1. By per-residue mean of other Cβ atoms within 10 Å, what is the highest-first order of 132-145, 38-51?
2. Once phi is turned into ³J(HN,Hα) by the Karplus curve 6.51 cos²θ - 1.76 cosθ + 1.60 with θ = phi - 60°, what whole-Hz value does each residue of segment 157-162 show in order, with x for glycine and proline?
3. So for the pair residue 189, residue 78, with labels modelled 7 Å out along Cα→Cβ, what separation do we get in nm?
4. In what sequence, highest mean first, do 60-67, 179-186, 87-94 appear when ranked by Cβ atoms within 10 angstrom?
5. Using a Förster radius of 30 Å, what is the FRET efficiency between residue 145 and residue 225 based on their Cβ-Cβ separation? Nearest 0.05, please.
6. So, with +1 on the Cβ of K and R and -1 on the Cβ of D and E, and no other charges, what is the size of the charge dipole of segment 58-122 about its Cα centre, to the nearest 20 debye?
7. Counting only heavy atoms of protein chains, what accessible area per residue, in Å², does segment 66-225 have with a probe of 1.4 Å?
8. If Lys and Arg each add +1 and Asp and Glu each add -1, what is the summed charge of the other residues whose beta carbon sits under 13 Å from the beta carbon of residue 52?
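The values are calculated or read from the model by the stated rules, or taken from the named source; none is laboratory data. All values reported here derive from a predicted model rather than from experimental measurement. As a convention, Cβ positions derive from the backbone with ideal geometry for all residues, glycine included, and neighbour counts pool all protein chains shown. Areas reflect the complete protein model, heavy atoms only, side chains present, ligands, DNA and RNA absent. Shrake-Rupley method; radii C 1.70, N 1.55, O 1.52, S 1.80 Å.
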Amino acid sequence: SIVAIAKSVASAKKKYLAERTAIKSVKVKKGASGILPGKLIEAPDCPDKFRELFICEGDSAEGIVTKARLMRKVNNRMVHFQEVYPLRGKLPNAARSSNMDIVTKNEVVRDLFTAIGTGVGRSFSLDKCRYSKIYLLADADPDGRHIVALLLSLFVVYVPDIIKAGKVAVIQNPLFMGVSGKKRVYGDSIEEVNKAILPKEKVVIRRFKGLGESNPQELQDYAMN
């Protein structure tokens, strides 16, 4: 009917306008330090083919992840190649809605896609991705796993080709660390840690309650390196 056609046209127009707004909202001047989102800890001297992104949660995680960043030699000088984007606030569930309004209205999502640089919708280009790898780094608890699931949903719905290209990885950070002399081992249970220690070695076992409880060296061991 004419009414049905009119509704379909109106819906398509609304979707088109939302996508066009989303495309404009995540536009980025590539490589220009200071143009990227203010919360992003940048590595502006590193070429895209080497640069990595670590997405973490909150101020405490940001502080320790930033301190644990590694460096590499580029053009005969050592530079940072790992950028850090700390999540703040509640992430939307993209699996329940593919509406582009999520991109335009949620600052965290908009800034994240701006940092990645590929654009969204019809403007998406994998060649414009600023990262060789994107790591999701959350606490090893149910809340952390929920955050990882929400992040993966965002990628699947809005930039699935980044996942298809193998650029996204989830860091399975441990719940426990065992220290025996200068040796450090990690695991998801006390039993797993004990199995990695020789029978006669004395071991002190610690449980990680969150990323903020790790020191930079520990974080480098199980995540950054």
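1. Values: 132-145: 17.9, 38-51: 15.6.
Highest mean packing first, the order is 132-145, 38-51.
2. 6, 9, 9, x, 5, 5
3. 4.1 nm
4. Working: 60-67: 19.1, 179-186: 13.6, 87-94: 16.0.
Highest-to-lowest ranking by the protection proxy: 60-67, 87-94, 179-186.
5. Numbers: r = 23 Å, r/R0 = 0.76.
Efficiency, from the Cβ-Cβ distance: 0.85.
6. Details: 11 positive and 6 negative charges, 50 e Å.
Rounded to the nearest 20 debye, it is 240 debye.
7. 53 Å²
8. Working: positive: 49, 51, 69, 72, 130, 133, 167; negative: 42, 48, 83.
Combined, the nearby Lys, Arg, Asp and Glu give +4.
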